[in-house]
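Quick notes on the structure that follows.
The values are calculated or read from the model by the stated rules, or taken from the named source; none is laboratory data. Values in this document were obtained by computation on a predicted structure and should not be read as measured data. We place every Cβ from the backbone using ideal geometry, glycine too, and count neighbours over all the protein chains shown. SASA here: full protein model, heavy atoms, side chains in, ligands and nucleic acids out. Shrake-Rupley method; radii C 1.70, N 1.55, O 1.52, S 1.80 Å.
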Amino acid sequence: MSTPVLAAANVTKSYRLGKREIPVLRGVDLALMPGERVALLGASGAGKSTLLHVLGLLDAPTSGQVLFDGRPVHDLPVAERARLRHEHTGFVFQFYHLIPELTALQNVLLARMMATSTLAYWRTRGAARAAAMDLLAQVGLQDRLHHRPSELSGGERQRVAIARALLAEPKVVLADEPTGNLDSATAAGVVELMFSIQQQRGLAFLLVTHNEDLARRCDRIVRMRDGVVQGEPART
Amino acid sequence: MYRLFLAVRYLLTRPINLLGMAGILVSVWALVVVVSIFSGFLQQIELHVRSASADISVHELPAWAEWTPLERALRDDPNVADTARRLVHYGMLSRPGQRPASPPLLGRSALHGGDQPFLFVLGIDAAAEARVTGFGSWLENPEIPAELRVADRTRPLAADAGRPRVLVGLERLQREGLHRGDTVVLTSGRLQSEPDGQKGLQQVTLELVVAGAFKTHHGGFDGNNVFVDHEVLRAALFPDAPDGVQEIAVRCRDAATLDATATRLQRAVARVLDRGDDRAYGKVQTWREKNGQFLASVEHQRGLLKIVLIVIMVTAAFLMLATLSMMVTEKTSDIGILTAMGATPLGVLQVFLACGLTITAAGVVLGLLLGTVTSVFLEEIRQFVLWATSIDLFPLKVYNLDRVPCAIDPLWLLQVAAMALAVGTVVSAWPAWRAARHDPLVSLRGN
């Protein structure tokens, strides 16, 4: 049996609200295998997004471990966690989070700029630009390269966000309700696109949603309730 | 790479950031221009004062001081090229039969002089004075109209048919409507022993013929001094002191060693005037020391202006702080995605710090350039404004100048740049630090 690309082992997370300790994750075990598409399903407040943030090293667990390729990574130094995020994890969010000052192409290229010095980027800018344009063409935005987010529709913005998540060729994509802000027709198109790219590239894909229909299209459904994974064995 | 790229994009898409840059630009510009003008003004003032001064002056001599031994002692110094003695007294000048004008408020004669009836009467040996100071050139100043020029420049104070002559500063002469050959009355006084043993003030009146005008570059000197022949003044005021002297002007061979020379001469004067009473008589000062208070007052004004302008720079920095803080507040939503894409808090800090430093650097560079260009072409700008609006921004006559003075000090430019960059860094650091501490999850959880 292969090693999960990303796993949570007995992860807890609680927040302090004044003098109260609010538990959000209560001992979560979850494993994401290479090329696997997993849906994380649950009601609002179940802890889905928090788990996604912990798995994506955006937030630290209160206890437990986050493992990347079998290696504990949750307590690495800040810079090392940032490098892992950049190199191996792509994020897609409900509200796209595109930078409004940048064009679609620049938003995607920003992912390449994150990891390189000015000089190194300048040397390879041609290749970076070609890769970004290729990705934007794959998501059907070859004619919208130089448009700013304010000039794009919701579906187009999310496609730019998908292209941005993929430019660094990550092993894992973490998507937090990526269609939650789209109408059903647009959402269907975005889902088809995501799943098709996921299959082509063999990405591990964790999709946070509360859409049962969408969840059923994944390899596996993990349900969460009150910070606990229900009825899903961990593959650690 | 992303730090600089984002910083530039943020700045280019937010015209309000120009406000911060404009504030820095204006304050740097003002610091360059105003201080350059004041430095140039100070240089001009020094030149003007220098042109009307001897290298070294010996003054505050006691009433019993004698010229011959003092001169001998001074000439023994290897750096002394020549000396000239002076009598210095006070008086009022008026036309015969007229009362002198009422005195104006105190302190008005600092720069210009000549607008009050009281003046210094310098009794000089014209030939000796010409060897020691610029006296000869003061009589030949091209600004003196031909009809007011001295007729015989080799003997300007020689008596006119037995009547002693007086040389008057050009502006005073013109203001009072005097001409060469006019008769004026010098009213002064001297202390005289009364029969009861007390000393009383006795009025002395001298009728003098105007020999012509003199003009140095120092308006204050011209307005406050008149020259008469040494022997005329001595006979009128100090008839019992044939070898008396009140001030000695000294010309030095090497002007670069005036301070050391003055120190030696002070010792020489003290030796000559030593009466064994533990008192030091006579004071030897270089031209700079003698006018030190006046020069220091201009220097002091420059210092005060620097402080005022630095306060303006700090105010501009607060403007920048406000615009940067606004930007950080607006851009907190970007911090979440930047972090998700691999930015560290330090990277986020650097993005916003780069914004502030770019604003500061642009303001400093443009301010320095604009300030330097403005300083260099200040006279042309003044003339243009005068031509276009009839407003004289810098009335030259008030300051006895030919053009707006300007002296750009590269060290000052560096100091201004360093100061602006330091202030800009400090005010950029706080919003940047706030951005770096922002929890990215707050922005990622939803708009």
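A few comments on the model shown:
- Any hit, segment A:102-124, residues being under 25 Å from A:Val24 (Cα atoms) and in contact with a Pro (Cβ under 8 Å, 6 or more places away or on another chain): no
- Selection from segment B:375-391 of residues that are open to solvent by less than 100 Å² (accessible area, probe 1.4 Å) and of a type in the set (A, V, I, L, M, F, W, C): B:Val376, B:Leu378, B:Ile381, B:Val385, B:Leu386, B:Ala388, B:Ile391
- Residue check for B:Gly342: within 14 Å of another protein chain (Cβ to nearest Cβ) and either outside any helix (DSSP H, G or I) or of a type in the set (Asp, Glu) (or both): yes
- Any hit, segment B:363-371, residues being of a type in the set (A, V, I, L, M) and within 12 Å of chain A (Cβ to nearest Cβ): no
- Filtered by the rule that a residue be within 24 Å of B:Phe135 (Cβ to Cβ), surrounded by 13 or more Cβ atoms within 10 Å (Cβ to Cβ) and of a type outside the set (A, V, I, L, M), segment B:182-211 gives B:Asp182, B:Thr183, B:Ser188.
- Among the residues making up segment B:360-389, those that are touching a residue at least 24 places away in the same chain (Cβ under 8 Å) and not hydroxyl-bearing (Ser, Thr, Tyr) are B:Ala361, B:Ala362, B:Gly363, B:Val364, B:Leu366, B:Gly367, B:Leu368, B:Leu370, B:Gly371, B:Val376, B:Leu378, B:Glu379.
- Pick from segment B:358-373, criterion within 30 Å of the chain's Cα centre (by Cα) and hydrophobic (A, V, I, L, M, F, W, C), ranking: nearest to B:Val423 (Cα to Cα): B:Val364
Condition check ((1) farther than 30 Å from B:Met326 by Cα; (2) polar (S, T, N, Q); (3) modelled with pLDDT under 90) across all residues:
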{"position": "B:Val364", "(1), (2), (3)": "no, no, no"}
{"position": "B:Leu368", "(1), (2), (3)": "no, no, no"}
{"position": "B:Thr372", "(1), (2), (3)": "yes, yes, no"}
{"position": "B:Val376", "(1), (2), (3)": "yes, no, no"}
{"position": "B:Asn400", "(1), (2), (3)": "yes, yes, yes"}
{"position": "B:Gly424", "(1), (2), (3)": "no, no, no"}
{"position": "B:Trp430", "(1), (2), (3)": "no, no, no"}
{"position": "B:Asn447", "(1), (2), (3)": "no, yes, yes"}
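- Where helices (runs of 4 or more DSSP H) fall wholly inside segment A:86-180, the ranges with 2 or more residues that are among the aliphatic types (A, V, I, L, M), in contact (Cβ under 8 Å) with a residue 40 or more places away in the chain and within 11 Å of chain B (Cβ to nearest Cβ) are A:104-113, A:154-166.
- Selection within segment A:116-143 - open to solvent by 60 Å² or more (accessible area, probe 1.4 Å) and of a type outside the set (A, V, I, L, M, F, W, C): A:Ser117, A:Thr118, A:Arg123, A:Thr124, A:Arg125, A:Arg129, A:Asp134, A:Gln138, A:Gln142, A:Asp143
- Exactly one residue among B:Val398, B:Val416, B:Val426 is open to solvent by less than 80 Å² (accessible area, probe 1.4 Å), out of contact with any Cys (no Cβ under 7 Å at 6 or more places or on another chain) and either closer than 26 Å to B:Gly23 by Cβ or among the acidic types (Asp, Glu) (or both), and that residue is B:Val416.
- Helices (runs of 4 or more DSSP H) completely within segment B:212-281 that count 1 or more residues being buried (at least 20 other Cβ atoms within 10 Å of the Cβ) and in contact with a His (Cβ under 7 Å, 6 or more places away or on another chain): B:219-224, B:230-237
- Of all the listed residues (A:Ala175, A:Ala130, A:Ala163), the sole one being modelled with pLDDT of 90 or more and closer than 24 Å to A:Ser44 by Cβ is A:Ala175.
- When residues of segment B:22-35 are limited to those that are of a type in the set (Gly, Ala, Ser) and more than 14 Å from B:Ala322 (Cα to Cα), the one nearest to the other protein chains (Cβ to nearest Cβ): B:Ser27
- Of all residues in segment B:326-339 being more than 9 Å from every other protein chain (Cβ to nearest Cβ) and touching a His at 6+ places or on another chain (Cβ under 7 Å), the one that is surrounded by the fewest Cβ atoms within 10 Å (Cβ to Cβ): B:Thr332
- Counting only helices (runs of 4 or more DSSP H) that sit wholly inside segment B:2-87, those with at least 3 residues that are over 23 Å from B:Pro431 (Cα atoms) are B:17-51, B:67-75.
- Residue among B:Gly212, B:Gly200, B:Gly189 that alone is within 27 Å of B:Asp402 (Cβ to Cβ) and either in the same structural domain as B:Glu147 (by TED's automatic domain parsing) or basic (Lys, Arg) (or both): B:Gly212
- Matching residues, segment A:31-45, being over 16 Å from A:Ala215 (Cα atoms) and open to solvent by less than 10 Å² (accessible area, probe 1.4 Å): A:Ala31
- Residue, farthest from A:Met114 (Cα to Cα), within segment B:9-21, restricted to residues that are surrounded by fewer than 18 Cβ atoms within 10 Å (Cβ to Cβ) and more than 10 Å from chain A (Cβ to nearest Cβ): B:Leu19
- For segment B:119-160, the tally of residues that are in a loop (DSSP other than H, G, I, E, B) and in contact with an Asp or Glu (Cβ under 6 Å, 6 or more places away or on another chain) stands at 1.
- Within segment B:390-410, residues that are part of a helix (DSSP H, G or I) sit with their Cβ atoms under 7 Å from residues that are open to solvent by 40 Å² or more (accessible area, probe 1.4 Å), at 6+ positions apart or across chains, in these pairs: B:Leu396/B:Asp402; B:Leu396/B:Arg403; B:Tyr399/B:Leu111.
- When we screen A:Glu87, A:Glu101, A:Glu80 for residues that are crowded, with 19+ Cβ neighbours inside 10 Å and either closer than 21 Å to B:Val348 by Cβ or under 18 Å from the mean Cα position of the chain (by Cα) (or both), the only hit is A:Glu101.
- Annotation note: Cβ proximity below 7 Å between a residue of segment B:118-135 that is in the same structural domain as B:Arg172 (by TED's automatic domain parsing) and a residue that is among the hydroxyl-bearing types (Ser, Thr, Tyr) (sequence gap 6+ or interchain) occurs for B:Phe118/B:Tyr90; B:Phe120/B:Tyr90; B:Val121/B:Tyr90; B:Val121/B:Ser188; B:Val132/B:Thr83; B:Gly134/B:Ser51; B:Gly134/B:Thr216.
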